[in-house]
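Okay, so here's the structure we're looking at.
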Number of protein chains: 2
Amino acid sequence: MVTIYDIAKLANVSAMTVSRVINNTGKISDKTRAKVKKVMEELHYVPNSMARSLVLQETKMLSLLITDITNPFYTTLARGAEDAAMKRGYKLLFSNSDEDVAKESEYVDMVLSTRVDGVLFAPAGDDSLSHLEKLRKHGIPFVLIDREVPGMESDTVLGDSKEGARKLVEHLIGLGHRRIALLNGSLDVSTARHRYTGYKEALKLSDIPFDDELIAESAYSRSSPNRTIEAIERLLQLPERPTALFAANNFLAIEAIRAMRDRGIRVPDDMSVVCFDDLDLASVIDPFLTVAAQPAYQFGTIGVQLLLDRIQETDGAEWRKIILPSEMIVRKSVQPFAEL
Amino acid sequence: MVTIYDIAKLANVSAMTVSRVINNTGKISDKTRAKVKKVMEELHYVPNSMARSLVLQETKMLSLLITDITNPFYTTLARGAEDAAMKRGYKLLFSNSDEDVAKESEYVDMVLSTRVDGVLFAPAGDDSLSHLEKLRKHGIPFVLIDREVPGMESDTVLGDSKEGARKLVEHLIGLGHRRIALLNGSLDVSTARHRYTGYKEALKLSDIPFDDELIAESAYSRSSPNRTIEAIERLLQLPERPTALFAANNFLAIEAIRAMRDRGIRVPDDMSVVCFDDLDLASVIDPFLTVAAQPAYQFGTIGVQLLLDRIQETDGAEWRKIILPSEMIVRKSVQPFAEL
DNA sequence: CTGTTAGCGCGTTCAA
DNA sequence: TTGAACGCGCTAACAG
């Protein structure tokens, strides 16, 4: 591996001069600069960022910890984060916690030892608190994205889960539905709680009694579809069957639709379905699901922005909390409720 | 930041002893080991992997360079790669070239300066050759995934593009179609060429004359849908309009279907459509597109496997080339051709 | 079993 | 405008 010393020797200067040429610091005569640059090119020199990090105490790397790399919401977010980071000269280290707090723990240790300059963190659940405390204790700046964690203040980028949920459910109510089921993610995740709240608010505003039996809890990720299937089975066997379903995210909606189809329930004819997060590709080819679409790309860019601001901050500024609105897109998965 | 020296001082041992405890090397008495471990925990010590990399000359990081992080084929591949890397103690640095050879160049420089131990490389096109030569010159092992580059030998994981294409087109032919258009990606990409070849082979086997007018070239990524739209318009205006379309990847199929829909052409009634790569989510909710599905996850795991084998190889073993079959999944986007 | 020395590649500090 | 010495945090090699 060629180092600045190799360059220095061939250019008849000191290593320090080479370093100055690389970083454009100090005063260097044009002549020696040209000479050094020439040698650098001849030797195909590439600076060693490890060594530089060690002395500079910064890596120019950010870590993005998401819970599911196959979910289009997160991939679009990742893309936004990457574009923003790249633009500011930072690399992005992706990690995938699989909605699993234990796996998340391993990643936090990795992040710590890699000495990244900051972390974009989509917590797997409220138990992520200890991981965040660990980061904080080590002085690593982080921004929470998509989800917040009780007991931990920080810069945060969230969606308007409550409002989005309320709008979706109100849409169903407006079409005459009164038995509306909620297929939620784990209540251990803040967005699930907020969407739950929005659901209840919508009912209340229309004087529809809340029925606990209509609530089912599964998991956001696709790793365990069984809980979703069981939930759907229970809902379908209810004496007074729901006529509409609000799924708390895209994967839940899909698994639910699949489970219902397998049981002969058609959407939207037998059951209207709405959900949070759009499906990207799927929506183009077949504009089917009525959704509350979130500006996923902006989650990423804004998250990086907050993070880099925090990193460059000298005095501890106030925590910033950005709430991004979602947009309801009405499509075909919903039908008016027709009394029999 | 806590260092091994801090630990050493508090534990009344030398830094070297601490290092040995951390790495489980050498012989250490249980007593001192316990003492050191206790201090490490008290101080929340986390090893600095930068420093370690510097001396060990290895980073335990791999870089995954893909061309589109929003394409489900690549995200699933990424997931496979990450799982495999993680399992072997490696981190994965993702990058996204956007099918852009220039952007790719920046990433290669980044990769070089980060001193990753190896690269999983999905080249943006044949011009990626110079980037690969750069990696090779610097002695960084890499594995080509999904695409190969003329003039560069290396370990490679490919799909059976030719066979997959042939099967898809034969399926269309079997249904009576004879005017079959090909909407291809850039011929600068090996998979596009192979799919082209498979297309032609299928025609030849059925004695259907090849018609150059039925061939359109666009781009795999969604960044420039205009070329696809123009291509579709041209195909639709052909004197003898095609009755079926083979799109060389999922995004092309989607853009094509959208463009046709906008022009009043229904799929499959007016036009049958098949393509390479499945759509994941979209297929669950609405099993629509007939596709040649590739084992994306395996692309990732096998790629990492080849890469790590190569990294640990002492003597230069033969290049290995793994070809993964694709599976044709027949769905609703295809109809038999009915002569008028 | 444990410690000392040296150096990985680079940038800061100070001197020339 | 340039260079020498030092240290970032760690481990290999050798010594004890």
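Can I get the semi-axes of chain B's equivalent ellipsoid? Compute them from the C-alpha gyration tensor as square roots of 5 times the eigenvalues, in angstrom, largest first.
51, 19, 17
Once each part is reduced to its C-alpha centroid, what is the distance from the range B:242-274 to the range A:159-233 in angstrom?
Cα centres, the range B:242-274 to the range A:159-233: 36 Å.
Among the lysines, which fall within straight-line cross-link reach of residue A:87, defined as a Cα-Cα distance under 24 Å, with same-chain neighbours fewer than 8 residues apart omitted?
Straight-line reach from residue A:87, under 24 Å: A:60, A:321, B:91, B:103, B:134.
Other chains' Cβ within 10 Å of A:84-90 residues: what's the mean?
Across A:84-90, the average partner-chain Cβ count within 10 Å equals 1.
Out of B:196, A:4, A:95, whose Cα points farthest toward the positive end of the dipole of the protein assembly as shown (charges: +1 Lys, Arg; -1 Asp, Glu; placed on Cβ)?
With unit charges placed on the Cβ atoms, the residue in question is A:4.
Any idea what the dipole of the protein assembly as shown comes to, in debye rounded to 20, about its Cα centre with Lys/Arg Cβ at +1 and Asp/Glu Cβ at -1?
Around 2060 debye, computed over the protein assembly as shown.
Using a label point 7 angstrom from Cα along Cα-to-C-beta, what distances in nm, from shortest up, separate residue B:239 from the other copies?
So the distances to the same position in the other copies read 7.3 nm.
Just tell me which aspartates and glutamates come within less than 20 Å, Cα to Cα, of residue B:31; anything on the same chain fewer than 8 places away is out.
Excluding near neighbours in sequence, the set is B:6, B:41, B:42.
Based on the Cβ-Cβ distance from residue A:54 to residue A:25, what FRET efficiency comes out when R0 is 22 Å, to the nearest 0.05?
Working from the Cβ atoms, E equals 0.75.
If neighbour count is taken as other Cβ atoms inside 10 Å, put A:323, B:22, A:69 in order from fewest to most.
With the sparsest Cβ surroundings first, the list reads A:323, B:22, A:69.
Would you please give the residues with an amide H less than 5 Å from that of residue B:142, counting only those at least 5 places away or on a separate chain, with H modeled from the backbone geometry?
B:119
When each copy gets a label point 7 Å from Cα toward the beta-carbon at residue A:204, what are the spacings between them in nm, shortest first?
Here residue A:204 shows inter-copy label distances of 7.2 nm.
Assigning unit charges at the beta carbon (Lys, Arg +1; Asp, Glu -1) and nothing else, what dipole magnitude in debye, to the nearest 20, does the range B:161-293 show about its Cα centre?
Result for the range B:161-293 is approximately 80 debye, rounded to the nearest 20.
In chain B, what residue has the beta-carbon at the shortest distance from the axis of the rotation relating B to A, and what is that distance in angstrom, rounded to the whole number?
Of all Cβ atoms in B, the one closest to the rotation axis yields B:282, 2.
With θ set to phi - 60° and the Karplus curve 6.51 cos²θ - 1.76 cosθ + 1.60, what are the ³J(HN,Hα) couplings of the range A:182-194 in order, to the nearest whole Hz, using x for Gly and Pro?
Whole-Hz 3J(HN,Hα) from phi for the range A:182-194: 10, 9, 9, x, 4, 5, 6, 10, 4, 4, 5, 5, 5.
Charges on Cβ only, +1 for Lys and Arg, -1 for Asp and Glu, centred on the Cα centroid of the range A:1-122; of A:84, A:24, A:59, which one is farthest towards the dipole's positive end?
A:24
Taking only C-alpha pairs under 8 Å that are 6+ residues apart, what is the relative contact order of the range A:205-340 in percent?
Value for the range A:205-340: 22 percent.
Below 8 Å, C-alpha to C-alpha, sequence gap of six or more: please give me the relative contact order for chain B in percent.
Relative contact order here is 18 percent.
Based on the mean of other Cβ atoms within 10 Å per residue, sort peptides A:195-205, B:283-293 so the most packed one is first.
In descending order of packing, they fall as B:283-293, A:195-205.
Sequence-distant or interchain residues sharing an amide H contact under 5 Å with residue A:337, placed H: which?
The answer is A:176, A:177.
If amide H atoms are built 1.01 Å from N in the plane of the peptide, which residues on other chains or at least 5 residues away come under 5 Å of the amide H of residue A:182?
A:215, A:216, A:246
For the range A:153-167, in order, what is each residue's ³J(HN,Hα) by Karplus, 6.51 cos²θ - 1.76 cosθ + 1.60 with θ = phi - 60°, in whole Hz (x at glycine and Pro)?
Values per residue, Gly and Pro as x: 8, 5, 5, 8, 10, 10, x, 8, 4, 5, 4, x, 5, 4, 4 Hz.
From the helices alone, meaning DSSP H stretches of at least four residues, give me the mean residue ellipticity at 222 nm for chain A, per-run term -39500 (n - 2.57), in deg cm²/dmol to the nearest 500.
Computed ellipticity for chain A at 222 nm equals -14000 deg cm²/dmol.
Need the C-alpha centroid separation for the range A:96-132 versus the range A:3-32, integer Å.
Here the answer is 41 Å between Cα centres.
Obtain the nm distance between the two label points defined at residue A:261 and residue A:324 by a simple spin-label model: each point lies 7 Å from its Cα along the Cα-to-C-beta direction.
A separation of 2.9 nm, rounded to one decimal place.
Magnitude of the Cβ-charge dipole of chain A, K/R +1 and D/E -1, about the Cα centre, nearest 20 debye?
The dipole of chain A has a size of about 1620 debye.
Rounding to the nearest 10 and keeping the result within 0 to 90°, find how far the Cα-based axis of helix A:30-42 lies from the longest principal axis of chain A.
With both axes taken from Cα atoms, the answer is about 60 degrees.
Restricting to Cα pairs below 8 Å that are 6+ residues apart, what does the relative contact order work out to for the range A:232-272? Please round to a whole percent.
43 percent
Label points 7 Å out from Cα along the Cβ direction at residue B:311 and residue A:106: separation in nm?
According to this spin-label approximation, the distance is 1.5 nm.
Taking every residue in A:45-53, how many Cβ atoms of other protein chains lie within 10 Å of its Cβ, on average?
6
Kindly give Rg over Rh for the range A:4-56, based on alpha-carbon atoms, with the Kirkwood expression for the hydrodynamic radius.
Rounded to two decimals, Rg over Rh is 0.95.
Using a basic spin-label model with each label point 7 Å from the Cα along Cα→Cβ, how many nm lie between residue B:88 and residue A:210?
My value for the distance between the label points is 5.2 nm.
Using a 10 Å cut-off around each Cβ of peptide A:276-289, what is the average number of partner chain Cβ atoms that fall inside?
Shielding by partners across A:276-289 averages 6.
Which order results if B:29, A:113 are arranged by neighbouring Cβ count within 10 Å, fewest first?
Going from sparsest to densest Cβ surroundings: B:29, A:113.
More than 51 angstrom separation, counting every C-alpha pair in the protein assembly as shown; what % is that?
18 percent
Going 7 Å from Cα along the Cα-Cβ axis for the label, what nanometre distances separate residue B:266 from the same residue across the other copies?
1.6
Quick one: what are the phi-derived ³J(HN,Hα) couplings along the range A:280-288, Karplus 6.51/-1.76/1.60 with θ = phi - 60°, whole Hz, x for glycine and proline?
Taking θ as phi minus 60°, the curve returns 6, 3, 4, 6, 6, 6, 8, x, 10 Hz for the range A:280-288.
Work out the charge dipole of the protein assembly as shown with +1 on the Cβ of Lys and Arg and -1 on the Cβ of Asp and Glu about the Cα centre, then indicate which of A:105, B:43, A:214 is farthest towards its positive end.
Towards the positive end, the residue furthest out is B:43.
Given q = 0.12, 0.14, 0.17, 0.20 Å⁻¹, what are the Debye log10 I(q)/I(0) values for the range A:161-293, with equal point scatterers placed on the Cα positions and solvent ignored?
-0.39, -0.54, -0.83, -1.19
In the protein assembly as shown, what percentage of the DSSP-assigned beta bridges are antiparallel, given to the nearest 5?
10 percent
Within the range B:164-196, name every residue whose backbone N is under 13 Å away from a label modeled 7 Å from Cα of residue B:127 along the Cβ vector.
B:187-189
By average Cβ neighbour count within 10 Å, what is the ranking of B:246-254, A:261-269, A:154-162 from highest down?
Ranking the peptides B:246-254, A:261-269, A:154-162 by packing returns B:246-254, A:154-162, A:261-269.
Coordinate-derived values only; no laboratory data. Everything quoted here is computed from the prediction, not taken from an experiment. Here Cβ is always computed from backbone atoms with ideal geometry, including for glycine, and neighbour counts include all displayed protein chains.
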